[in-house]
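Everything below concerns the one structure shown next.
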Amino acid sequence: SVADLKGLKQGTLRLAVVTTAKYVIPRILGPFCQRYPGIDVSLTVTNHQYVLDSLADNRDDLYILSQLPDDSDAHCEPFMENPLVVLAPRTHPLAHEKNIPISRICEEPFIMREPGSGTRKAVQKLFDAHGLPLKVKLDLGSNEAIKQAIAGGMGLSVLSKHTLALEGLNNQLTILDVEGFPIERSWYVVHPSGKQLSAIAKAFYDYLMNEGKQVAEATSLLGMEQQQPQKVEV
Ligand code: PGA
C-alpha cells in the first residue's frame, strides 16, 4: 500500500546475526539499500548465545541463527544452507585421504569456538553422540583467528564452509573428507511470532527470501566441490 511505501522511506533496520552470516548478509545489504536509499542498517555480528539474548530482549528487528531457539515461540524460516566442515592445513597428512574415520580427528589437537557459539554446540553434539572426546588445545572466539591458527599448525577445527569465502588464506587450508561431515545446517531468519514487523523489516525479510538468497548463493562457495575452495579468488 501507499502507507507501507511511505513507511519504507526512512528508518533503521536492526539485524543481529551469528558470526557465519557476516560472509553473506553484507553482500545482500548492498542491493537492498540501493533499492531503499532512506534505510540505515544496524548489523550486530555475535555468537549464537548473544543473538538469542537479543531475541529474548527484543533488541532487534530480525535475527539470523543456525540453530533454532529451544523454548521458542519465535517464527523461524530457513533461507540458506550453512554446512560445517573439517579444516586442516593444506600440508596435513590427512589432506588427501578419503573417508577419514571420525575417531581419527580426536587424535589431532583441536581448535574450538568459545562457549555460547552455535558452531561449538553442533561440533560438541556430533562428537558426544559418538562418545568421542576431542583434544581441545585452544579455545577461540573468532572464525578468522581459528583459520590463522589452523594455517599456523595449531590443529584442526570445524567451521562453516562460508568462512572460506572472501580471503586469500584459502590456499593454505583444505577441507578434510571425514565420516559424518559436512554437518548439514541452515541459517534461519527469526523474529518473535507475536511481534508485528515494521515495514522496513518486512521489506528486508521478503528481499532475503527472494533476490537476497540468490545474491548470496551466487557469491558463496557452496556450489563448489570439496578441495576446490582454495582455488577460488572471490
Ligand atoms: P556461532 O554461530 O557464531 O555462534 O558459532 C554460527 C552458526 O551457528 O552458524
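The values are calculated or read from the model by the stated rules, or taken from the named source; none is laboratory data. In this text, all values refer to a predicted model and were calculated from it rather than measured experimentally. Cβ sites come from the backbone with ideal geometry, for glycine too, and all protein chains shown count toward neighbours.
Descriptive notes on the structure:
- Of residues in segment 51-62 being surrounded by 16 or more Cβ atoms within 10 Å (Cβ to Cβ) and under 16 Å from Ile200 (Cα atoms), the one farthest from the ligand (Cβ to nearest atom): Asp61
- Tabulated pairs, segment 31-48, first closer than 19 Å to Glu211 by Cβ and touching a residue at least 24 places away in the same chain (Cβ under 8 Å), second among the hydroxyl-bearing types (Ser, Thr, Tyr) and surrounded by fewer than 17 Cβ atoms within 10 Å (Cβ to Cβ), C-beta under 9 angstrom, 6+ apart or interchain: Ile39/Thr12; Val41/Thr12
- Ala74 touching a residue at least 24 places away in the same chain (Cβ under 8 Å), within 14 Å of the ligand (Cβ to nearest atom) and closer than 25 Å to Val24 by Cα: no
- Extreme residue, nearest to Ser220 (Cα to Cα), among residues of segment 69-91 that are in a loop (DSSP other than H, G, I, E, B) and touching a strand residue (DSSP E or B) at 6+ places or on another chain (Cβ under 7 Å): Asn82
- Candidates Val85, Val41, filtered to the one that is more than 30 Å from Ala199 (Cα to Cα) and of a type in the set (A, V, I, L, M): Val85
- Residue that is modelled with the lowest pLDDT [pool: residues in segment 45-67 that are farther than 13 Å from Ser117 by Cα and assigned to a loop (DSSP other than H, G, I, E, B)]: Asn58
- Leu65 surrounded by fewer than 17 Cβ atoms within 10 Å (Cβ to Cβ) and closer than 24 Å to Ala216 by Cβ: no
- If you go through segment 189-212 and pick out every residue that is of a type in the set (Val, Ile, Thr) and over 21 Å from the mean Cα position of the chain (by Cα), you end up with 1.
- Among (1) assigned to a loop (DSSP other than H, G, I, E, B); (2) among the polar types (S, T, N, Q); (3) at pLDDT 90 or above, the one test that Gln226 misses: (3)
- Leading residue by the ranking (modelled with the lowest pLDDT) among those in segment 165-191 that are among the polar types (S, T, N, Q) and surrounded by 19 or more Cβ atoms within 10 Å (Cβ to Cβ): Asn170
- Segments classed as helices (runs of 4 or more DSSP H), wholly inside segment 97-208, with at least 3 members that are within 22 Å of Glu81 (Cα to Cα) and away from the ligand (no atom under 16 Å from the Cβ): 199-207
- Residues considered: Gly194, Gly152. Of these, the only one that is more than 30 Å from Gln10 (Cβ to Cβ) and exposed (fewer than 14 other Cβ atoms within 10 Å of the Cβ) is Gly152.
- From the list Ala95, Ala122, the lone residue that is touching a residue at least 12 places away in the same chain (Cβ under 8 Å), among the small types (Gly, Ala, Ser) and within 17 Å of Asn47 (Cβ to Cβ) is Ala122.
- Selection count, segment 30-50, where residues are polar (S, T, N, Q) and either within 16 Å of the ligand (Cβ to nearest atom) or on the phi > 0 side of the Ramachandran plot (or both): 4
- Test: residue in segment 122-137 that is more than 18 Å from the chain's Cα centre (by Cα) and among the β-branched types (Val, Ile, Thr): yes
- Filter result for the condition that a residue is under 21 Å from Ile183 (Cβ atoms) and free of Cβ contacts under 8 Å to residues at least 60 places away in the same chain, over Leu68, Leu52: Leu52
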